[in-house]
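Chemist: Would you mind keeping the following structure in view while I ask a few things?
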Amino acid sequence: MKSAFAVVFALFVQFQNVFCEYGSYRSYTFTRPIDLSFGIDDNTVHWDSSQKVSTSRSEIYLPDSTYKSFNKVCFPEHSGTHLDAPSYVTKNGRRVADIPIDSLIVSGIHVDVTNEVHGEPKFVLDEHHLRRWTETYGKIESKSVLLINFGWANRYWNRSAYMGYNENSRNFPGISIPAARWIVENPNIVGVGVDTPSVDVGHSNTFDVHRILTGANVYLLENVALNNTYLPARGFQLVVMPMKLTHGTGAPTRIIASPYCIGGAGLAKVSKFAIFVMFVASLLKAHVR
Ligand SMILES: *[C@@H]1O[C@H](CO)[C@@H](O)[C@H](O)[C@H]1NC(C)=O
Ligand SMILES: *[C@@H]1O[C@H](CO)[C@@H](O)[C@H](O)[C@H]1NC(C)=O
């Protein structure tokens, strides 16, 4: 009897792996990890012209024909795909290296408003867009980073189109103050990413959304390469890897999205429960004897 149960259990565990693969391939539109970061080089987007990335390259040919090359790269913390730490706008706020690791490996939430933005730089993401997302896809119950896709990332390498320059002001979509307040009301949201140069609307001078979000220890990700249409609304993991600058107010960041297996995670719980039941059953049996 006991061995029959063990066989069934072993089959179940095997089946779970198959199911997991099948589930992830079936339900999700992407199956391999995706890079959500732009590469860093001298064309990297910077907020203003005093913040350019510069690279100088050295090459050495030694007499024994060994070769060595290395670059010296000078960059502002907030260049390219990067993270804003709370210390950026809050004195004594968390610095990049203070952000807990468990806030950097989290669930990804993709709020795609590309079809509503239609390339309009005046678009503002409001609370109702976020509420609609949760009505459609469910509550945000695990530690998550919210990625807002304005359909802006395609412009990234064209600085004037990306910044939306117009009589010296910047024009691109952003997050509204009520939406920022909605976000900080959910303690599971540990970060917010956008595919624009800033979470605040382009013409903002006060950076209220920066303050509201980082004031609640929510970190920000800007210039995120979200022009990857394979990203589903949820059901994927994010690995957010800011360069570990000890005193950083921000840092260039590699962001990887990888699909995970919801079915598999559920089944893993079931199998853990099954192990527990077996354990209790064996204890009871021993006791009865
Ligand atoms: C996203 O946009 C950037 C900037 O234009 C471009 O270099 C890149 O190839 C695009 N990525 C995809 C997957 O379309
Ligand atoms: C960049 O975008 C601007 C519009 O904002 C456009 O006038 C210009 O032609 C674009 N440049 C390139 C190289 O596509």
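The values are calculated or read from the model by the stated rules, or taken from the named source; none is laboratory data. Note that this is a predicted model, so its numbers are computed, not measured. We place every Cβ from the backbone using ideal geometry, glycine too, and count neighbours over all the protein chains shown.
Chemist: When residues of the range 172-200 are filtered for being in contact (Cβ under 8 Å) with a residue 24 or more places away in the chain and either among the acidic types (D, E) or in contact with a Cys (Cβ under 8 Å, 6 or more places away or on another chain) (or both), how many remain?
Modeler: Looking only at that region, the number is 2.
Chemist: For the condition farther than 28 Å from G164 by Cα, crowded, with 16+ Cβ neighbours inside 10 Å and modelled with pLDDT of 95 or more, what is the one hit in I183, I189, I255? Walk me through how you get there before you give the answer.
Modeler: Values: I183 fails: farther than 28 Å from G164 by Cα; I255 fails: farther than 28 Å from G164 by Cα.
When all the criteria are applied, what remains is I189.
Chemist: Sort through D195, D112, D126 and tell me the only one that's modelled with pLDDT of 95 or more, crowded, with 20+ Cβ neighbours inside 10 Å, among the acidic types (D, E) and more than 16 Å from ligand 2 (Cβ to nearest atom).
Modeler: Values: D112 fails: crowded, with 20+ Cβ neighbours inside 10 Å; D126 fails: crowded, with 20+ Cβ neighbours inside 10 Å.
Answer to the selection: D195.
Chemist: Could you tell me which of the residues V224, V190 is under 19 Å from A251 (Cβ atoms) and within 16 Å of ligand 1 (Cβ to nearest atom)? Quick ask: steps written out before the conclusion?
Modeler: Working: V190 fails: within 16 Å of ligand 1 (Cβ to nearest atom).
Of the residues listed, the single one that is under 19 Å from A251 (Cβ atoms) and within 16 Å of ligand 1 (Cβ to nearest atom) is V224.
Chemist: Which one is modelled with the lowest pLDDT, of the residues in the range 163-180 that are within 17 Å of L220 (Cβ to Cβ) and within 16 Å of ligand 2 (Cβ to nearest atom)?
Modeler: So in the range 163-180, the residues within 17 Å of L220 (Cβ to Cβ) come out as 170, 172-177, 179-180.
Going one step further and asking which of them are within 16 Å of ligand 2 (Cβ to nearest atom), we end up with 170, 172-173.
Values: R170: 94, F172: 98, P173: 98.
Filtering the range 163-180 for residues that are within 17 Å of L220 (Cβ to Cβ) and within 16 Å of ligand 2 (Cβ to nearest atom), the one modelled with the lowest pLDDT comes out as R170.
Conditions (1) away from ligand 2 (no atom under 16 Å from the Cβ); (2) outside any helix (DSSP H, G or I); (3) surrounded by 16 or more Cβ atoms within 10 Å (Cβ to Cβ); (4) within 20 Å of the chain's Cα centre (by Cα), marked per residue:
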residue	(1), (2), (3), (4)
N43	no, yes, no, no
I60	yes, yes, no, no
S69	yes, yes, no, no
R94	yes, yes, yes, yes
D102	yes, no, no, yes
L130	yes, no, yes, yes
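Chemist: Looking at this structure, is V111 of a type outside the set (D, E, K, R) and in a strand (DSSP E or B)?
Modeler: Details: of a type outside the set (D, E, K, R): yes; in a strand (DSSP E or B): yes.
Here the answer is yes, as V111 does meet what is asked.
Chemist: Could I ask something else about it? Which members of the range 162-171 meet the condition of being in contact (Cβ under 8 Å) with a residue 24 or more places away in the chain and either in contact with a strand residue (DSSP E or B) (Cβ under 7 Å, 6 or more places away or on another chain) or within 15 Å of K122 (Cβ to Cβ) (or both)? Talk me through it step by step, then tell me what you get.
Modeler: So the first thing to find is which residues in the range 162-171 are in contact (Cβ under 8 Å) with a residue 24 or more places away in the chain, and the list is 162-164, 169-171.
M163, G164, S169, R170, N171, listed by residue number.
Chemist: Mind checking which residues of the range 116-128 are in contact with a Lys or Arg (Cβ under 8 Å, 6 or more places away or on another chain) and either hydroxyl-bearing (S, T, Y) or part of a loop (DSSP other than H, G, I, E, B) (or both)?
Modeler: Let us first name the residues in the range 116-128 that are in contact with a Lys or Arg (Cβ under 8 Å, 6 or more places away or on another chain), namely 127.
Result: no residue meets the conditions.
Chemist: Please indicate, with yes or no, whether at least one residue in the range 207-219 is within 14 Å of the chain's Cα centre (by Cα) and in contact (Cβ under 8 Å) with a residue 24 or more places away in the chain. Reasoning before the result, please.
Modeler: From the range 207-219, those within 14 Å of the chain's Cα centre (by Cα) are 218-219; that's our starting set.
Next cut, in contact (Cβ under 8 Å) with a residue 24 or more places away in the chain only: 218-219.
For the range 207-219, residues within 14 Å of the chain's Cα centre (by Cα) and in contact (Cβ under 8 Å) with a residue 24 or more places away in the chain: present.
Chemist: Looking at the range 134-161, which of the residues that are of a type in the set (S, T, N, Q) and in contact (Cβ under 8 Å) with a residue 12 or more places away in the chain is farthest from ligand 1 (Cβ to nearest atom)? Before you say what the answer is, go through the steps one by one.
Modeler: First, the residues of the range 134-161 that are of a type in the set (S, T, N, Q): 134, 136, 142, 144, 149, 154, 158, 160.
Those left that are additionally in contact (Cβ under 8 Å) with a residue 12 or more places away in the chain: 136, 142, 144, 149, 154.
Details: T136: 25, S142: 27, S144: 23, N149: 12, N154: 5 Å.
Restricting to residues being of a type in the set (S, T, N, Q) and in contact (Cβ under 8 Å) with a residue 12 or more places away in the chain, the top hit is S142.
Chemist: Please identify the pairs in which a residue from the range 228-241 that is away from ligand 1 (no atom under 11 Å from the Cβ) has its Cβ atom under 6 Å from the Cβ atom of a residue that is small (G, A, S), counting only partners at least 6 apart or on another chain.
Modeler: Every condition considered, the pairs that remain are F236/G108; F236/A257; Q237/S258; L238/G108; L238/A257.
Chemist: Please note which helices (runs of 4 or more DSSP H) are completely contained in the range 141-223 and include at least 1 residues that are of a type in the set (D, E). Step through it out loud before you land on a result.
Modeler: On the way: elements: 159-163, 177-184, 208-215.
Those helices (runs of 4 or more DSSP H) span 208-215.
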